[in-house]
Structure formats: C-alpha cells, structure tokens
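One structure below.
Here, each number is a calculation from the coordinates, and none is a lab measurement. Being a predicted model, the structure only gives us computed values, none of them experimental. So basically every Cβ, Gly included, is an ideal-geometry build from the backbone, and we count neighbours across all protein chains shown.
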Amino acid sequence: MDKALFADAIATSVGAIFGTSNTTTYVESAAGIGVGGRTGLTSVVTTILFLLAIFLAPIAGLVPAAATAPALIVVGIMMMSSFKEIKWDDLNEAIPAFFAGIFMALCYSISYGIATGFIFYCIVKLFKKEGKDIHPILYISTALFILNFIILALV
C-alpha cells in the first residue's frame with residue numbers, strides 16, 4: 001500500500017502542475033486498488049481510456065443535463081451510503097464528516113469538502129484539548145487550506 005500511495009502522491013503533484021483536482025488521482029487510484037489493481041497496468045489502461053475520452057468529450061457534451069441528472073442522483077445516493085459508516089456519536093469523527101459532506105454539496109467541490117473536514121477535525125481536537133494527537137503535517141495542511149480560503153475570499 002505504501003508504494004501505491006507514493007505513486008499516488010507523485011501523480012497528484014504532477015497533476016497539479018497541469019491543473020487537475022488534487023483529489024482526482026487519489027479517488028482513481030483508490031478505485032483501481034479496490035478492484036484488485038496492484039500493478040502499473042491499471043494506470044496505463046486508465047490513461048489510455050482518458051486519452052480516448054478526449055475525443056468523445058464533444059459528443060458527450062451533446063447530451064442534455066436533463067438526461068444526465070438521474071445518473072447524478074444515483075451517484076449521490078451511492079455516496080450517501082458511506083455516511084452510515086461514520087461514528088455519529090464520536091464528535092472527533094462526526095463534526096468533520098458532517099461539515100465535509102455539507103461543503104462538498106454546497107460548494108460543488110470535493111476538494112473544498114475535504115479541506116473543510118481537515119479544518120473542523122483540527123478545531124474539534126483543539127477544543128477537546130487533544131491537539132497533541134494531531135500530526136504536524138495535518139496542522140500544516142489545515143493552515144494551507146485556511147490560507148487558500150482566505151485568498152479565495154479576497155480575490
């Protein structure tokens with residue numbers, strides 16, 4: 001798993017240079033690993049399919065939003081099914097998960113939802129006086145997310 005996450009970190013960094021979402025590579029690699037992909041062949045096949053999708057994108061754009069909305073509703077239902085696994089009686093987990101889900105929906109951004117989850121996780125831990133349990137990298141990530149939100153608000 002360490003090798004997969006390392007490869008994922010590199011893909012995220014390279015993807016950021018080209019302007020892709022920083023969470024896209026994680027989701028794609030997690031899906032590939034989840035179905036048994038353990039070699040680079042999974043990534044090669046995904047790359048080829050994405051290249052083919054470039055040529056099909058204009059055709060997909062012809063499909064009206066009314067036709068794709070039902071599929072998006074089904075995807076939303078599938079995403080919501082993960083909420084049953086959250087320990088809602090544990091505030092360390094429930095509050096960040098709640099705000100992550102709300103921000104994903106209201107901002108139309110998985111990245112903003114994850115950022116909000118990080119921020120609220122740190123806030124909850126600090127208010128419970130469990131700040132020493134937070135890894136320094138999480139503090140740095142949270143500070144960068146907050147800085148990002150401040151810059152976005154000012155621009």
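Taking neighbour counts of Cβ atoms within 10 Å as a proxy for exposure, in what order, fewest first, do Lys87, Lys132, Lys125 appear?
Fewest-to-most ranking of Lys87, Lys132, Lys125: Lys132, Lys87, Lys125.
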Inter-label distance, nm, simple model (7 Å from Cα along the C-beta direction), Glu85/Leu41: 2.7
